[in-house]
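Values in this text are rule-based calculations from the coordinates and carry no lab data. Since the structure is predicted, the reported quantities are computational estimates derived from the model, not experimental observations. We place every Cβ from the backbone using ideal geometry, glycine too, and count neighbours over all the protein chains shown.
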Amino acid sequence: MSQASTHEHRPQHWMSYPRFLSRSLGLATDGSFGFYAWMTCLTAVFLVGANAWANQVVQGMVVTNMTDHVSWGLYIANFTFMVGVAAGGVMMVIPAYLYHDKQMHDVVILGELLAVAAIVMCLMFVTADLGRPDRFWHLIPGIGRFNFPISMLTWDVIVLNGYLLLNLHICGYLLYTRFLGLTPNPRWYVPFVFVSIVWAISIHTVTAFLYAGLGGRPFWNTALLAPRFLASAFVSGPAFIILSMFALRKLARVPLPDGPVHTLVKIIRITILINLFMLASELFTEFYSGGAHTSSARYLYFGLHGFNGLVPWAWSAIVLNVIAAALFLTPAAMTRMSVVTIACALAFIGVWIEKGMGLIIPGFIPSTLHEIVEYTPSLVEWKVTAGIWAFGLMIYTIALKITIPIFSGRVRDLARDPE
Amino acid sequence: MGERKSISLPVLGQVSRRTAMKGVGATLGAGAFAAAISPLRRIDEKVTAEEFMQRHYKELSDSDKRDVFTRLEAQAQDEYGADVSISDPRPIPGTLFVYAINLSLCNGNGKCVEACHRENNHDRATNQSYIRVLEMPIGTMDMEQGNTTYDHPVPAEGKFYMPVQCQQCQEPPCVDVCPVEATWQEDDGIVVVDYNWCIGCRYCEAACPYHARRFNWKKPEIPADEVNPDQGFLSNRIRPEGVVEKCHFCLHRTRNGRLPACLEACPTGARVFGNILDPDSDVRWIMENKRVYVLKEELGTAPSFFYFFDS
């Protein structure tokens, strides 16, 4: 509307940016009873987690159930899964920017915001897993000693934080310009979007290389790990986005078009099959060849020497993923919201098990000296994990709460509107 | 939105009721958060300012080291009631330490495990040690058939025994993966950890193919009279909670011309230790005259730890 006049009076950012922030704060904290109830519940869970973590820091990692045999547990399992969810958002970015899908372009910010929330969760999970969070600064390049490029963990620090900054910039720039009522200048965000596409692939590849590069852990030491990670990420990420779009429609009455949902369902139809195919390929190699290197897989799927703590988890993941795949492939997945909802929920949980506990724990069982020590997370670990999930959902909710009114044009910077 | 009811607050003047409620909510939330993380107030009991600021071992000057060692000695006195002395023996030039174990002699008595436990100030409650002994059926080298928790008289019929500890690999995967260079290989081949620099991510524990690394899940408990007072900064000093540790070939002994505690304790003579670069050393003779093997050779870690049989 006021586009014609905008190039004449350039926005004075030092005045309009604080207005943008304060208006965002207002949007983030204004809402219906349902919104307040949801945020209160999340806050409560988050506080329980924060308290559990504070106790863990003071009492030591002994409050977890991890051991020298299973030295990573629920935290690193969730970390791995959330890197996938963060990368999964790129399945909206690619159709929107590479294939110029107009409807997808309108909602692509949902995927970018999800990436922000998911990466924050990743960083929190890693911090929760540190024995000495007080020495966190040792990891900061320049101040500490950064073992780059040899340690894959330093690569992960770079790609995760880089992905967070990229998405914060893209979302922040788009929101701010929309708030001002301007058309975003492609120069300031499109290059970053293209970088973010490659970067999304990199975060999950690097995370897979963390494990795949360990020669002493045959269960992880497979070239298929990174491709599997990406395939399952492109199931869990889009599944979560579809579910949140449905929630926005139903609960917040946001009019969202069907097109992006259909596109995402089409994507999942492929990725979920690729993921299952790669799983089958991995299982064939493990079980047909046999030998000591396959004992982790035997432990995971059938139990080993009477230990079978993960067997129910492993099979539920397979069942959930197979049912989800079948549902996605039915024609109803394009027409019936209920079918898509169930399929997305099953796939999300299935991948959470497969790539979380189902991937991390068997890497340690049997141990490198072939001892078997099983692992079940402690109450503290569950509390901290729930707290981080609640915090991630809070970030995502608040981000949507700010974004939707600004993107729909309902909220504008009134101070500089000529009308 | 719509109509806005406003109320009067003494400090802020006229504000809408919703804004006032938000203020109350934010205050409550902040208060609850402060309460939730209040256990962190006890963090200063665990970490002093000097400890927090301490630089990496390789960046410490000689006078820095003296200060650090004095502080750690005072800490041992304070927390364990033990009078200890911390030193920092450096590698001897021209030395590459190698360990060899004669599996024909080892009978699984576990004296090495105990000696390591005492020498290295391990946690008494968990009976920690850097050494694990595998009981294996004669006729296989498959570790999956081994057992580390046997408690019957040894040697048992039809079994042989294989002690495993840090192999001091020449291509150590644990050193590569450490994101903060808290662990490295010294010139005499020993892989050490700066316990004051390790962030406790346990990536090295996942990377080690020999289960050689241990994590301090809690603060070690050791009675004052059992603390070994002869301590090395990079070896057997009492470790802080939340960091990784490992076998260091008893460098506080071996760099001063003594033998590792596990070797001294071995009643069978199965353990041989020495400088492989010395042509007259026992380990050199074994390498030249026995058919030795290393664990998991196919992984390319190039251990400095060898096994052999007499017969």
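If you average the C-alpha positions of the stretch B:74-96 and of the stretch A:237-273 separately, how far apart do those two centres end up, in angstrom?
61 Å
Give the lysines whose C-alpha is closer than 27 Å to that of B:Lys111, dropping any in the same chain fewer than 8 places away, or say none.
Within reach: B:Lys159, B:Lys218, B:Lys219, B:Lys246, B:Lys290, B:Lys296.
Hey, got the average number of other protein chain Cβ atoms within 10 angstrom for residues in A:134-140?
6
Under the definition of Cα pairs under 8 Å and six or more residues apart, what whole-number percent is the relative contact order of chain B?
After rounding, I find 24 percent.
Pull up all non-local amide H partners of B:Gly274: gap of 5 or more, or a different chain, and H-to-H distance under 5 Å with H placed in the peptide plane.
B:Val98
Hey, what number do you get for the protein assembly as shown at 222 nm if only DSSP H runs of n ≥ 4 count, each worth -39500 (n - 2.57), divided across all residues, to the nearest 500?
On the way: 26 runs with 377 residues, N = 730.
Rounded to the nearest 500, it is -17000 deg cm²/dmol.
Which residue, B:Gly269, B:Gly25, B:Gly200, has the most motion in a Gaussian network model of chain B that connects Cα atoms within less than 10 Å?
B:Gly25
If we count trypsin sites (Lys or Arg not before Pro) as exposed when they sit in a DSSP loop and have at most 16 other beta carbons within 10 Å, what is the longest stretch of chain A that avoids them all?
In short, A:1-252.
Which ³J(HN,Hα) values in Hz, rounded to whole numbers, follow from the phi angles of the stretch B:219-224 under the Karplus curve 6.51 cos²θ - 1.76 cosθ + 1.60, where θ = phi - 60° and Gly and Pro get x?
Karplus values, whole Hz, x for Gly and Pro: 5, x, 9, 9, x, 3.
Quick one: check the C-alpha center-to-center distance for the stretch B:38-73 versus the stretch B:240-266, whole angstrom.
23 Å
In sequence order, what are the phi-derived ³J(HN,Hα) couplings for the stretch A:41-54 according to the Karplus relation 6.51 cos²θ - 1.76 cosθ + 1.60 with θ = phi - 60°, rounded to whole Hz, with x for glycine and proline?
4, 4, 4, 4, 5, 4, 5, 4, x, 4, 5, 4, 5, 4
Sorted from fewest to most neighbouring beta carbons within 10 Å, what does the list A:Thr43, A:Thr127 look like?
Working: A:Thr43 18, A:Thr127 15.
Listing A:Thr43, A:Thr127 from fewest to most nearby Cβ atoms yields A:Thr127, A:Thr43.
Can you list the residues, at least 5 places off or on another chain, whose amide H is less than 5 Å from the amide H of A:Gly303, using H built in the peptide plane?
Amide H neighbours of A:Gly303: none.
Can you return the lysines within cross-link range of A:Lys102? Criterion is Cα-Cα under 18 Å, with same-chain partners fewer than 8 residues away left out.
By straight Cα distance, A:Lys102 reaches A:Lys266.
Between B:Cys247 and residues 5 or more places away or on another chain, which pairs have amide H atoms under 5 Å apart, with H built 1.01 Å from N, and which residues are they?
B:Cys166
Which trypsin sites (Lys or Arg not before Pro) from the stretch B:102-210 combine a DSSP loop assignment with at most 14 other Cβ atoms within 10 Å?
B:Arg124
Alpha carbon centre of the stretch A:78-124 versus the stretch B:132-157: separation in Å?
Computed from Cα coordinates, the inter-centre distance equals 52 Å.
Within 10 Å of each Cβ of A:55-63, how many other protein chain Cβ atoms are there on average?
Rounded to a whole number, the mean comes out at 6.
Compute the relative contact order of chain A as a whole-number percentage, counting only Cα pairs closer than 8 Å that sit 6 or more residues apart in sequence.
Relative contact order for chain A comes out at 29 percent.
How do A:Glu354, A:Glu282, A:Glu371 rank when sorted from fewest to most other Cβ atoms within 10 Å of their own Cβ?
Result, fewest neighbours first: A:Glu282, A:Glu371, A:Glu354.
Count, for each residue of A:362-371, the Cβ atoms from other chains sitting within 10 Å of its Cβ, then give me the mean as a whole number.
5
Taking R0 as 22 Å, what FRET efficiency do you get between A:Tyr17 and A:Phe192 from their Cβ-Cβ distance, rounded to the nearest 0.05?
0.70
Restricting the count to DSSP beta bridges whose residues both fall in the stretch B:97-308, what percent are antiparallel, rounded to a multiple of 5?
85 percent
What aspartates and glutamates could a cross-link reach from B:Lys22, if we take a straight Cα to Cα line under 15 Å and drop same-chain neighbours fewer than 8 places away?
By straight Cα distance, B:Lys22 reaches A:Asp30.
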